[in-house]
Amino acid sequence: MSLPEDHKPPVSGRAVQDPSFYRTEPVSFVRRGSRLHGRRAEAWDRQAERFLVDVPRHHADTSVLAGAEFDPAAVFGRTAPLTVEIGSGLGEAVAAAAEAHPERDFLAVEVYRPGLAQLLLRIEQKGLENVRAVQANAPEVLDVLLGPGSVDELWVFFPDPWHKARHHKRRLVKESFADKAARVLAPGATWRLATDWSDYAEQMRSVLDASASFESLHPGELAGDDGPLARVRRAGLEGRDPEPDATDPLGGWAPRYEGRIPTSFESKARKAGRLVFDLAYRRTTADS
């Protein structure tokens, strides 16, 4: 229950003098437990200093202070194409990709400390040198930490769908986020997305199709009655009532990205009967 204004505790400390202490947009994540145990704790102690990017903070332990910079050439000791995964979870996809592509560099962005620790454990077990991780809010990473045009490929796989309509403002992929992505992606670079929820897939498609900064790599594909969106609607998946005449005139769905290994999260989604929607877009030369 919310308290009346005259019963709320007064704002104090730094926030009194500095309104910028507060984030201007709702974050897309919910903080979960941060305690580390067993092998994760041991891997953190051994590897965090080397593989976890040290970020100056603004107002929270996931924020990024204005002026902070990530210099890939300095961090990796070479110049190579950079792939950034937003929301790397337990690090399954990014670690597998880094092992399969030693010629590329990878940056994992995640707020969940145990997930980062699990990634550090994978890095150690596989002997990887081409992965770094950062514990930070993704929009701030794109706004501040990464330089313009510094990213060759961006991944956003299975972001939190925030099902309730009143929570849709917390969804990561929206117009403002597309602008941030456009800033860091080099012309011709690729943005790959995946979700197992059809309404979020439609939102992603709508946002990127409307952006002058991106063009679909699969325009019109899997449209009509046999595409994944029509199948979800007609079969009544995701707890929906069946729509026998449902179709999808737009399409634009990409084939499953071969570079994304089947993670435990994706396997659970498929076991629950949900379809996976892939999207792939190219950064154009147009201004964002």
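Residues in segment 226-243 that are at pLDDT below 95, more than 15 Å from Gly273 (Cα to Cα) and in contact with a helix residue (DSSP H, G or I) (Cβ under 8 Å, 6 or more places away or on another chain): 0 in all.
Yes or no, residue by residue, for (1) at pLDDT 75 or above; (2) surrounded by 13 or more Cβ atoms within 10 Å (Cβ to Cβ); (3) closer than 28 Å to Lys169 by Cβ; (4) in contact with a helix residue (DSSP H, G or I) (Cβ under 8 Å, 6 or more places away or on another chain):
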| site | (1), (2), (3), (4) |
| --- | --- |
| Phe21 | no, yes, yes, yes |
| Phe29 | no, yes, yes, no |
| Ser34 | no, yes, yes, yes |
| Arg40 | yes, yes, no, yes |
| Ala43 | yes, yes, no, yes |
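Out of the residues in segment 265-288 that are of a type in the set (Asp, Glu) and at pLDDT below 95, which is nearest to Val94 (Cα to Cα)? The qualifying residue nearest to Val94 (Cα to Cα) is Glu266. Flag not set for Ala133, criterion: under 23 Å from Phe177 (Cα atoms) and free of Cβ contacts under 8 Å to residues at least 60 places away in the same chain.
To keep it simple, each residue is scored yes or no on (1) within 23 Å of His163 (Cβ to Cβ); (2) over 18 Å from the mean Cα position of the chain (by Cα); (3) without any contact (Cβ under 8 Å) to a residue 40 or more places away in the chain.
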{"site": "Phe214", "(1), (2), (3)": "no, no, no"}
{"site": "His218", "(1), (2), (3)": "no, yes, no"}
{"site": "Glu221", "(1), (2), (3)": "no, yes, yes"}
{"site": "Gly224", "(1), (2), (3)": "no, yes, yes"}
{"site": "Val232", "(1), (2), (3)": "yes, yes, no"}
{"site": "Tyr257", "(1), (2), (3)": "no, no, no"}
{"site": "Thr263", "(1), (2), (3)": "yes, no, no"}
{"site": "Thr285", "(1), (2), (3)": "no, yes, no"}
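Is at least one residue of segment 181-196 among the aromatic types (Phe, Trp, Tyr) and more than 28 Å from Leu65 (Cβ to Cβ)? The answer is no; no qualifying residue exists. Here Arg57 qualifies as modelled with pLDDT under 90 and part of a loop (DSSP other than H, G, I, E, B). Within segment 165-192, residues that are over 12 Å from Val84 (Cβ atoms) and in a helix (DSSP H, G or I) have Cβ atoms under 9 Å from residues that are basic (Lys, Arg) and at pLDDT 95 or above in these pairs: His168/Lys174; Phe177/Arg171; Ala182/Arg283, counting only partners at least 6 apart in sequence or on another chain.
Checking each residue in segment 85-121 for being farther than 22 Å from Ala60 by Cα, under 19 Å from the mean Cα position of the chain (by Cα) and not in a loop (DSSP other than H, G, I, E, B) picks out Glu92, Ala93, Val94, Ala95, Ala96, Ala97, Ala98, Asp105, Phe106, Gln118, Leu119, Leu120. Can you confirm whether segment 247-264 contains a residue that is at pLDDT below 95 and assigned to a helix (DSSP H, G or I)? There is at least one residue in segment 247-264 that is at pLDDT below 95 and assigned to a helix (DSSP H, G or I). Within segment 139-162, residues that are closer than 19 Å to Asp105 by Cα and assigned to a helix (DSSP H, G or I) sit with their Cβ atoms under 7 Å from residues that are modelled with pLDDT under 95 and among the charged types (D, E, K, R), at 6+ positions apart or across chains, in these pairs: Leu145/Glu69.
If you go through segment 131-160 and pick out every residue that is of a type outside the set (Asp, Glu), more than 21 Å from Ser63 (Cα to Cα) and surrounded by fewer than 20 Cβ atoms within 10 Å (Cβ to Cβ), you end up with 1.
The values are calculated or read from the model by the stated rules, or taken from the named source; none is laboratory data. Quick caveat, the model's predicted, so the values are computed rather than measured. Methodologically, a virtual Cβ is constructed for each residue, glycine included, from the backbone with ideal geometry; neighbour enumeration extends over all protein chains shown.
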